[in-house]
Amino acid sequence: MNATGNDVLRAEARAALESAARASLRAPSVFNTQPWKWHITAETLDLFADPARRLGVTDAEGRLLLLSCGGALHHARVTLAAQGRSAEVVRLPDERRPDLLARIRVTGTAPLDPHAVSLAAAISRRRTDRRAFGERRVPRATLARLGRLVEAEGAHLHEVPDERVPELAVAVDQAADVEYFDPAFRSELTRWTHRPAWTGDGVPPSTAVAPGLRRVPVRNFLPSGSPGLLAGAGEDEGATYAILFGNGDRPVDLLRGGEGMSALLLGATTEGVAAAPISEAVEVAWPRQLLRRLVPGDGEPYLIVRLGYAASGEPPPLSPRREPHDIIVIDE
Ligand SMILES: Cc1cc2nc3c(=O)[nH]c(=O)nc-3n(C[C@H](O)[C@H](O)[C@H](O)COP(=O)(O)O)c2cc1C
């Protein structure tokens, strides 16, 4: 191929990388901190953690930051696959730069993967639904498909059996209590729930629900008591509580866990299932021990996800996002 042909291919690959980085900005993140940055070079798309956006109190160990970044990585990978691009991904490629979480390189074209196309199409529709779910249960076959999506990312999903949901509720409730009585936590929560609109981050009251009767408590993102989103009629009677877990808690495990989380949440969106992460019980050490008892074997719990159907057919409001130029750096 002549120089011009190569130039065209390079420009196309770069455009694909840029669109993948842009699509990833809608990934879910703890407190909607969006703790990542992208760097596009001539041939690669590098994902960096943004340590300045780590929640110093809620996420002292940076576990939720890595899960969130893994979600952004999965969003980017799915976007490339949906455009018929094959890509090589190296996770944690340079041990001297621990914030460099992944390097993506487009290696060529690939037949369109319909599965990736539907997950990519779900990116703009997915949102965390904190409203109460009703009695309708998520069918077994759907849960099995969601479990396979998570497995394909190297993580696992465990449905908590109904009789053990009270144990889960205790773990979440105890963790939420520890946090509630910690002034440093409360001020971090207040900071991320009272962001000026221009920041494009944080959890706005329009997406939060007031505390109410639930099988497992839902985080109170309304510390100032503003009315928020109506929880709706249900009390989570038919909700499924699933624990996303993996084999360890090294950065690469958590990054992969985040990719599994994204696969689960996008997959749930394609299936018409509402979903909401719950992470208090992994934020506080001993409730996390309680969670360890709920997952099979020596599994390391990463996140709880509530799955079900809200009474209202309307989706909850979209949460804000930062501007691409604040997050994506492109080498000219
Ligand atoms: C690692 C992680 C932990 C989260 N923990 C909670 C939680 O405990 N409670 C909750 O309501 N939402 C939780 N979320 C959802 C985020 O708050 C949500 O993704 C973010 O506010 C952006 O909103 P969106 O998902 O609707 O785009 C979590 C998300 C991630 C990725």
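Quick one: helix 251-270 against the long Cα principal axis of the chain, what's the angle to the nearest 10°, folded into 0 to 90?
80 degrees
Quote the FRET efficiency, to the nearest 0.05, computed for SER124 versus ARG91 with a Förster distance R0 of 30 Å and r equal to the Cβ-Cβ distance.
On the way: r = 26 Å, r/R0 = 0.86.
E between SER124 and ARG91, to the nearest 0.05, is 0.70.
Can you pull the one-decimal nm distance between simple spin-label points at TYR180 and GLU323, each 7 Å off the Cα toward Cβ?
Label-label distance for TYR180 and GLU323, simple model: 4.0 nm.
Over all distinct alpha-carbon pairs, what is the Kirkwood Rh of the chain in angstrom?
Working: mean 1/r = 0.0495 Å⁻¹.
About 20.2 Å, per the Kirkwood formula over Cα pairs.
According to a simple spin-label model (label point 7 Å from Cα along Cα-to-Cβ), what is the distance in nm between GLU12 and GLN289?
That separation, rounded to one decimal, is 5.7 nm.
What whole number of Å gives the distance from the Cα centroid of the stretch 82-157 to the Cα centroid of the stretch 191-217?
Spelled out, the Cα-based centre of one part sits 25 Å from the other.
Quick check: pseudo-label points 7 Å beyond the Cα along Cα→Cβ at ALA110 and HIS194, how many nm apart are they?
Those two pseudo-labels are separated by 4.7 nm.
Can you tell me which of ARG164, ARG63, ARG131 moves the most in a GNM of the chain? Springs connect C-alpha atoms under 10 Å apart.
Checking each option, the largest mean-square fluctuation is seen for ARG164.
Highest GNM mean-square fluctuation, the chain, Cα pairs closer than 10 Å: which of HIS75, HIS39, HIS156?
HIS39
Please give the contour-minus-distance gain from ARG250 to VAL170: 0.36 nm per residue of separation, less the Cα-Cα distance, rounded to one decimal in nm.
Answer, rounded to one decimal: 26.1 nm.
Could you tell me how many degrees, from 0 to 90 and to the nearest 10, lie between the Cα long axis of helix 165-180 and the main elongation axis, the longest principal axis, of the Cα atoms of the chain?
The two axes meet at around 80 degrees.
Counting pairwise Cα distances across the stretch 220-332, what percent come out greater than 21 angstrom? If you can, show how the numbers build up before the last one.
Values: 3341 of 6328 pairs.
Taking all Cα-Cα pairs of the stretch 220-332, the fraction more than 21 Å apart is 53 percent.
Using only Cα atoms and rounding to the nearest 10 degrees, what angle (0 to 90) does helix 140-151 make with the longest principal axis of the chain?
Taking the Cα atoms of the chain, the angle to 140-151 is about 50 degrees.
Can you give the Rg to Rh ratio for the stretch 140-308, taking only C-alpha atoms and Rh from Kirkwood? Could the numbers behind the result be given before it?
Values: Rg = 16.0 Å, Rh = 16.8 Å.
My calculation of the ratio gives 0.96.
Grab the Cα-Cα distance for VAL57 and ALA152, subtract it from 0.36 nm times how many residues apart they are, and report the gain in nm with one decimal.
On the way: separation 95, 0.36 × 95 = 34.20 nm, distance 3.21 nm.
Taking 0.36 nm per residue and subtracting the Cα distance, the gain is 31.0 nm.
Values in this text are rule-based calculations from the coordinates and carry no lab data. The shown structure was predicted, so the numbers you read here are calculated from the model rather than taken from an experiment. So basically every Cβ, Gly included, is an ideal-geometry build from the backbone, and we count neighbours across all protein chains shown.
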